[in-house]
Each structure stands twice: as structure tokens, then as C-alpha cells.
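Let me begin by presenting the structure, written as C-alpha cells, before commenting on it.
What follows draws every value from the coordinates through simple rules; no lab data is involved. Predicted, not measured: the structure shown is a model, and the values here were computed from it. Neighbour counts are summed over all protein chains in view; Cβ atoms, including those assigned to glycine, are modelled from backbone coordinates with ideal geometry.
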Amino acid sequence: MSRFFFQLTVLSRFEIADSIRSRRAAAVFALYLAAALLGINAFATALQRLELQLAELLQTGPLQPGALADSLWKSARFRQMIVALVGDRQTALSLLEIPPIALLYGFLAFFYTPFFALLSSTPRVSTEVYSGSCRFLLFRTSRSAWILSKFIGQSALVFLALALSAAAAWTLARFRLAGMNPTSAAWGIALMTGKAWLFSLPFVALGLAISQWVRSPNTAQAAGFLAWIGSGALAWFAKRYAGEGPRIAWEAVALAVPQGFQLDLWRMELAPFLHAAFWLTVLSSAYLAAGYARFARSDL
Amino acid sequence: MKSALVFDQVTKSYGSRRALDSLSFAIPAGSLCGLIGSNGAGKTTALSLAAGLLSPDHGQLDVLENGPFDPDRHAGKVSLLPQDSQLPPEATVWELLRLYALLQNVPQHKVDATVRHAIQTVHLDDRLHSPIRTLSHGMRRRVMIAQAFLGNPTLVLLDEPLNGLDPREAASTRELFASWKGRATLVISSHVLSELERLCDFLVIIENGRTLHQGPLSDWLGRGALLLYALDGTPFDLESLQSEAPDIAMTLSADRRLLKCRYNATRLDAAALNRLILQRLLQAGVGIHAVQPGDTLESSYLAAVPSNTPNPVSS
């Protein structure tokens, strides 16, 4: 067992280093950065325009950029309005506990992280099987340790990319929205980064599962894209059609896709977070195991 | 005698194509074994099976007398130089060999020294920190050779190891292989039969996924039982010569340039045979360019394997 963990550590370190060295990692980092920066910049621009119009309308002096959103968030009337709009008091109040800039960052991160996680993880196994580079390793280590190291490495890569994009988003927001409370924004963005990373784990596992089934890296990448679309569609159908009688099957579908637990991650209480964390871990393990069931017996 | 690698009735198919068809052989521990056969005969499949990269459909494998290959059970004892495989392009030579050494059970405090020695052996000291993608094909091949000898493997499987090496590196690599004789069992699959003839002491010939021959190389070549005379083509009376030595099977090539004398080594030695044959040939005015004990691997292989051998086997 100690040999297994030693090999897992050595392989994971190499996987992280190899991922970071590759041009693919540079592309993934750039995508994360671009998505976060463009989103935050667009939000800041829209907010500033709104604040400018409001200042003109009220004939007050210019508002400090970002101050409006912060004030709105604290306003009792606005909170009541959001509760009414969301329809679920607990979720709405949870959302209002998150600073607006962090909320926006979280929304963006939850949207693009699954896609980028699949994009970076789907070719990781198939590329090495295709090129034969895994043949230099798999007589030295077990296939299970190798696959697990890929999961650890890719998860770490997603975390690094998310952390980088979070830091960039906060810096940009600090620059563009002077009225924003920097401490609460930093805390909110860090919290959302952690949750988005947790949300990304089953997608990394799904990408690696596809990569273990499909030998061609390009086909694996295409299958990863379809999996992203497909899981999103399934979650949408599950939410829309779940109900009494035979429609209860849709609830099972919601359990099989990570998006089924996304709402829990938005909540600020511990219980829904733990519920989501548990099921996302189960899903990650199930996806990885499904891929490994084939890879363990496949010819290399 | 202990066996390093045993195949017992091993069958392996890829879809409907049968790559190995009840393949059986046993390679003695400590030998330098040449694995030869036509393209598609099943050599690469056999080596991949031995290293656990493929699973057999039927039959038994025994690696180092410890059952079929298992990365935990055979940890650090087996190494492989696979054919047609690429190294990870972005890692440097140093990083890659360190990784392989750690996984090959080299103690952590010896890893750096082991890797440094391996890199020196393949003369890549100046490319230590170069990414693999910046190396030429031959240099990458040398890194692959270096990784196969990290640590203390007792079974080294080498698939076409000299492909892509320049003559100087090929000679140096041959020396490396020879230096491992007795320390480990080396199984070398190659089409360069002259290389194998110089290096190996054991031979396995695979054709159509089956074993055509296995045994000591000297037996296959007839060393100790065959003398070859390279002649200048001058005509002489072969029947008369044959009548003087009826126990010796003589064959003369059509152009009279090669005389093969197969003899019973228990009754006659090479010196006695030479005395008779050389004397008679010289008396007949035949010019003698060379005398060679035993056949060449290439000519004996070509004589044994029909050129129209169908490949591969289909079920």
C-alpha cells in the first residue's frame, strides 16, 4: 500500500508539472483568465453606465463605481424583491450573502469550469495511449495509480487555473469598481472558487473516463464536448420534468449529473454544501470507475 | 536451469487477426536472447505480453518464475524498450529519467546518481535539461535505451533497440548490452541479424505467431558442426572429395564460391576437417578466401524460413 501511495505521489507531481509545461495548459489558463476578465469587465462597464445614468437622473454627484451594487445588496426592499424573484427564500438569502462581484464571478466560474475541465482532461489518457508514452510507465506502476494520478493532476490544474482567474477577477474589479468592499469581495470570490473547483471534480473524472474509453485524442475531445452539452441538457430536463409517478425517474437523472447539485453549492449553509460535496465525490468516483473498468483490461 | 521468461501455448488475437498462435518458448535466465521473425510474426506482441501491456487470450506466461507480469509483484525487476512509442514531449531528459528511476524502485538517495550514470552511458550529458521534443530521433532513442537499464532489472525486453542510432551509438549500445550479460536476461527483438549474431547466446524464432525454433544460438548456426569455405570459384571434383570423407555432408553453391561441410562433432574436430579439406582444395588449385565456423544467422534464417510465409495468421 505504501508503494502505491509513493507511486501516486510521484506520478501526480509529474502529471501536474507535465500539464503546466504543455501548451494545452497555457491555453486552458488563458481561457480561464479571459472568461473571468471579460465577464467582470462587462459587468463593471454595465454597472458604471447604470450608476452614471442614475446619478444624472437623481442629479447627484458622480457615484463611486461599484457603490450602487453594494448599497442595493444591503437594501431591505431589494432583498425582498430578490426573494420574490428567486421563489425560494433560503436560496435567495444565501445569494444575497455573497457580494455582487463574487456572485457574478461564481456564476461565470460555474458556467465555464465544467467545459474547461472536460477540455483539459479528455485527452490526458488517450493521448498517451495513442503516442505510446504510457508504455514506458505501465510496466513500472499499476494502471490504477496512473489513472488516479491523472485525476489528482488535472484537478490541481483546474484549481490553479481557477485561483489565477479569481485573483485576476478580483484585481480587475478592484481597479474598475473602487466602491466595492475589497475584503468581502475577496472572501466571496475565494468561496466561489472553492465551490467551482468542487463542482469541476466530476467533470474532470468524466473527461478521464471518456479518455480511458476512447483511444483517439480528437475523438475523446469531441466526446467531452458532447458530454458537457449532454449533462447540461439532462440536468435541465430533470429539473423541468421531475414530478410524481413515473416522472420521479427524472430525479434519478438529476443525481447522475453534476449540474443536479449546482443549486446546493449556491447555498451558504453547511448542510446543503456537505450534501453536494458528498454526491459530487460519489459521482467523480463513479465516473472514474466506469472508465477504469475498461482501461484496466485494455491492450496498450 | 532457471527460466527468465516462459510462454506456454499463448494465443493473442486482435479482432479476427491472430497475432500469436499457441506460442511456446522458455528463455534461460542470464541469457542474451535474440527474438527474430518476419514482420508481423508476433515479436512485439510477445514482448508487450511479457511486460503486461497486453493480456493473453489463452495460455500461460511466467515472468522470472513469479507468474504472469504484475507491476507490484515484479516491481523494478522488468524493464521494456517498446517499439513505435514516443516519450512525453514536454518533459526534460532529466525529469523523465528521474520519474522512471523512482518508479523502477531505485532508492531515492541513489536516483540522481543513477540517472546521471544512465545519461552518461548514452552520451547525452549535454542534453540533460533539454525537453524531449527538442531532441533528434536518434537522441530520443538513446533516452529510451537509458530508461530500460535504470535500476537493477533482471529481465530487459528490447524491441528493435538499435533503430535510428548512428553507427557509433549502435556500437556503443551493443557494448552496453554485452556488459549486462550475466547480470540480467536481455531479450532483443531485431531485424538486424548480424547484430544479434554478435550479441546473443540464445535464439527464439517466431513465424506466424508460432515458435519456429528456440535454443542456443551456436546450435542453430551449427558452430562446432559446420565449416564454411569461401572459394574463388575454380572448378574441382567435389565427388572425389566427398568420397574421401563420407561422414561429412558437403554442399557446394552453384557458383562454386561457397562450400559447406557439416560434420559430426563427436567424431571429428574442425582442425582435422580443415587439414583434409584445405589440402585437397589447394592441391586442386582452388583459391580460398576465408574459412568460417558455422553459418551466419542471416543465411540460416533465410534458409529456414520460406519467403512466401503467409503473415499474419488469420482465424
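Hey, what do the phi angles of region A:169-180 turn into as Karplus ³J(HN,Hα) couplings, whole Hz, using 6.51/-1.76/1.60 and θ = phi - 60°, x for Gly and Pro? Working through the residues one at a time gives 5, 5, 4, 5, 4, 4, 6, 8, 10, 5, x, 6 Hz.
When chain A is treated as a Gaussian network with alpha carbon springs shorter than 10 Å, the biggest mean-square fluctuation among A:80, A:221, A:154 belongs to A:80.
Charging the Cβ of each Asp and Glu at -1 and of each Lys and Arg at +1, and nothing else, the dipole of region A:59-211 about its Cα centre rounds to 220 debye.
Kirkwood Rh over Cα pairs of region B:1-117 into Stokes-Einstein at 20 °C, 1.002 mPa s: D in µm²/s? After rounding, the answer is 134 µm²/s. When the inverse distances between all different Cα atoms of region A:70-118 are averaged and flipped, the Kirkwood radius reads 11.8 angstrom. For region B:105-161, what percent of Cα pairs sit more than 19 Å apart? The calculated P(r) of region B:105-161 puts 32 percent of pairs beyond 19 Å. Panel order for B:8, B:159, by other beta carbons found within 10 Å of each beta carbon, from fewest to most: B:8, B:159. Using a 10 angstrom cutoff on alpha carbons, build the Gaussian network for chain B and name the most mobile of B:63, B:286, B:78. Residue with maximal mean-square fluctuation among B:63, B:286, B:78: B:286. Think of each Lys and Arg Cβ as +1 and each Asp and Glu Cβ as -1; about the Cα centre, that makes the dipole of the protein assembly as shown roughly 1440 debye. For residue B:58, the amide hydrogen comes within under 5 Å of the amide hydrogens of B:11, counting only partners 5 or more places away or on other chains and with H modelled in the peptide plane.
Over all orientations, region A:193-240 has a Cα convex hull whose mean projected area works out to 3.8 square nanometres.
Ordering B:216, B:182, B:261 by the projection of their Cα atoms onto the charge dipole of region B:166-261, which places +1 on the Cβ of Lys and Arg and -1 on the Cβ of Asp and Glu, puts B:182 at the extreme positive end. If one takes the longest principal axis of the Cα atoms in chain A, at what angle in degrees, from 0 to 90 and to the nearest 10, does the Cα axis of helix A:76-86 lie? Orientation of helix A:76-86: about 40 degrees from the principal axis. Shape summary: region B:57-103 maps onto an equivalent ellipsoid whose semi-axes, from the alpha-carbon gyration tensor, are 27, 14, 7 Å in decreasing order. Size descriptors for region B:107-232: radius of gyration and Dmax over Cα atoms are 17.5, 63 Å. Reported to the nearest whole Å, the Cα centre-to-centre distance from region A:113-131 to region A:222-290 is 21.
Farthest towards the positive end of the charge dipole of region A:82-195, among the residues A:187, A:130, A:98, is the Cα of A:130, using unit charges on the Cβ of Lys, Arg, Asp and Glu. When both region A:23-55 and region A:141-176 are represented by their alpha-carbon centers, they are found 20 Å apart.
Comparing A:280, A:108, A:72 in a Gaussian network model of chain A where C-alpha atoms under 10 Å apart are linked, the largest mean-square fluctuation is found at A:72.
Of B:220, B:94, the sequence from fewest to most neighbouring Cβ atoms within 10 angstrom is B:94, B:220. For the protein assembly as shown, the 222 nm mean residue ellipticity estimated from helices alone, with every DSSP H stretch of n ≥ 4 adding -39500 (n - 2.57) and the total spread over all residues, rounds to -18000 deg cm²/dmol. Ratio of Rg to Rh for the protein assembly as shown: 1.18 [Cα atoms; Kirkwood radius as inverse mean 1/r over pairs].
Sequence-ordered 3J(HN,Hα) estimates for region A:289-298 from the Karplus curve with 6.51, -1.76 and 1.60 and θ = phi - 60° stand at 5, 5, x, 5, 3, 8, 4, 4, 10, 7 Hz, glycine and proline given as x. With only Cα atoms counted, region A:174-216 has Rg and Dmax values of 17.4, 52 Å. Can you find, among B:68, B:54, B:113, the residue farthest towards the positive end of the dipole of region B:52-128? Put +1 on the C-beta of Lys and Arg, -1 on that of Asp and Glu. Result: B:113. Over region B:1-55, what is the relative contact order in percent, taking alpha-carbon pairs closer than 8 angstrom and at least six residues apart? Computed over region B:1-55, the figure is 32 percent. Here the Karplus curve 6.51 cos²θ - 1.76 cosθ + 1.60, taken at θ = phi - 60°, turns the phi angles of region A:220-227 into couplings of 4, 4, 5, 5, x, 4, 5, 5 Hz, with x standing for Gly and Pro.
Annotation: the residues B:100, B:14, sorted from fewest to most other C-beta atoms within 10 Å of their own C-beta, follow the order B:14, B:100. Across region A:124-190, the fraction of Cα-Cα pairs farther apart than 18 Å, rounded to a whole number, is 57%. Dividing the convex hull volume of the alpha carbon atoms of chain A by its residue count gives 152 Å³ per residue.
Near the amide H of residue B:64, within less than 5 Å, lie the amide hydrogens of B:5, B:6, all on another chain or at least 5 residues away, with H placed in the peptide plane.
When every Cα-Cα distance of region B:34-90 is counted in 10 angstrom steps from zero, the calculated P(r) takes the values 19, 48, 29, 5 percent. Computed over Cα pairs, the Kirkwood radius of region A:127-253 leads via Stokes-Einstein (1.306 mPa s, 10 °C) to a diffusion coefficient of 89 µm² per second. Direction-averaged projected area, Cα convex hull, region A:78-189: 10.0 nm², rounded to one decimal.
In this entry, region B:157-300 is assigned a mean projected area of 11.2 nm², taken as a quarter of its C-alpha convex hull surface. Each listed q (0.12 Å⁻¹) maps to a log10 I(q)/I(0) for chain B, found by the Debye formula over equal Cα scatterers with no solvent: -0.88.
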